[in-house]
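Participant: This is the structure I have questions about; it appears just below.
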Amino acid sequence: MTYDQLISDVVRVVEAIGAAIMIVGGLWALVDYAVSVVGRGTRHDAYRQLRQRLGQAILLGLEVLIVGDIVRTIIVDPTIESVAVLGMIVVIRIVLSFSLEVEIDGVWPWNHWRIERPVHEESPRSS
């Protein structure tokens, strides 16, 4: 077994882990949704939570897949063409990640401070 074959096999394992994260995370989210709807009957909250968990599973799986693409490009096939393809893949996945973040949280990632701002209690006024 050569070094390139070993790295290619490692990349395949990383890609399989990324796909497994999305599949298992998606199934877990669907099972949790079904349990929530049957158990509590609150479909609106259960649906919102389903969308969040599906988005989180997809985001995590995409991040792992990007790792595999980077390793493959840098170590196995370091040509200008493969770097350009990697760049396009990363840009597409970044756009997907941003859109999923907005879908999950309802705000752009750089606007999280607006929803995470602590609520200031009014201090009692002295007379």
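Participant: Separation between the Arg48 and Ile75 pseudo-spin-labels, each 7 Å from Cα along Cα→Cβ, expressed in nm?
Facilitator: Calculated label separation equals 4.4 nm.
Participant: Still on this structure, I have one more. How do Glu103, Glu15, Glu81 line up, fewest other C-beta atoms within 10 Å first? Before the final figure, lay out each step's value.
Facilitator: Working: Glu103 13, Glu15 18, Glu81 8.
Taking fewest neighbouring Cβ atoms as first place, the list is Glu81, Glu103, Glu15.
Participant: Applying a 10 Å radius around every beta-carbon, put 20-30, 83-93 in order of their mean neighbour count, most first. Display every interim value, and only then the final one.
Facilitator: Values: 20-30: 15.1, 83-93: 12.9.
Highest mean packing first, the order is 20-30, 83-93.
Participant: Still on this structure, I have one more. How do Arg51, Arg72 rank when sorted from fewest to most other Cβ atoms within 10 Å of their own Cβ?
Facilitator: On the way: Arg51 15, Arg72 20.
Ordered from fewest to most neighbouring Cβ atoms within 10 Å, Arg51, Arg72 come out as Arg51, Arg72.
No value in this document is a laboratory result; all are computed from the given coordinates. As the structure is a computational prediction, the values presented were derived from the model and not from experiment. All Cβ positions, glycine included, derive from the backbone under ideal geometry; neighbour counts span all protein chains shown.
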